[in-house]
1. Provide the net charge surrounding R95, with neighbours chosen by a C-beta distance below 15 Å and charges set as Lys +1, Arg +1, Asp -1, Glu -1.
2. I want to check the label-to-label distance for R37 and L157. Put each point 7 Å from Cα in the C-beta direction and report it in nm to one decimal.
3. For A50, what is the net charge nearby, where nearby means another residue's Cβ is under 14 Å from its Cβ and Lys, Arg count +1, Asp, Glu -1?
4. Between K143 and R101, what length in nm is gained on full extension when 0.36 nm per residue of separation is reduced by their alpha carbon distance?
5. Work out the length of the dipole vector of region 13-117 about its Cα centre, built from +1 on the beta-carbon of each Lys and Arg and -1 on the beta-carbon of each Asp and Glu, and round it to the nearest 20 debye.
6. Please compute the modelled spin-label separation between A51 and R93, points set 7 Å along Cα→Cβ, answer in nm with one decimal.
Amino acid sequence: MTERSEAGPSGMRADSSAAWSVLMARAQDGDRLAYRRLLEEVTPYLRSLAARHGGLSGETEDTVQDILLTLHAARHAYDGSRPFGPWLLAIARRRIADRLRYLGRRAAIETALEPRHETISAPGPNLYTLLSGRRGLREAIDKLPPGQRQAVLLLKLRGLSLREAASESGMSAAALKVASHRGLKALRATLGKGT
């Protein structure tokens, strides 16, 4: 029966830190597989560290990516004669603190929108509300190129999200955005002439 090391206050077991130290030393010597394995092994640990901070709700994965990017940028500075775990933990704590500060600053400048802030109270996309009564709207939409017509119908008239419209149309989200923008521009030009 093998004896497992106890987890410390940071949640890291001593045997994990020792194994990670070896992997990091090998990675510094150019062993790509060791570096990949190290990143794969530390990621769940970093995710658990970030998840412990309630202020990071919804930001855990971004925080983990920040930590991994910092680890990558600073990997040359790791001293192989020292344990890897505390070094990684110091990086993680700094990036978590940075993310928490950023979120605090962002929350301080954002204003929660309330119904009194709305300028258009009608539900649905604005284009539909503005143009639904126009006689020539259907004809103008029918004159659009097929991709633009489909993008306008799905995104603006039916009010689908980009993901839903992409799934239904088979077009990428980027292509839908471009087609929608061009279609709306053409509709404005066409319908603007009739007023």
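Every read-out reported here was derived from the displayed coordinates using simple, explicitly stated rules and does not represent laboratory data. Since the structure is predicted, the reported quantities are computational estimates derived from the model, not experimental observations. Backbone-built Cβ (ideal geometry, glycine too); neighbour counts: all protein chains shown.
1. Local net charge: +2.
2. 5.9 nm
3. +1
4. Using 0.36 nm per residue and subtracting the Cα-Cα distance, I get 10.0 nm.
5. I would put it at about 180 debye.
6. Distance between the two pseudo-spin positions: 2.2 nm.
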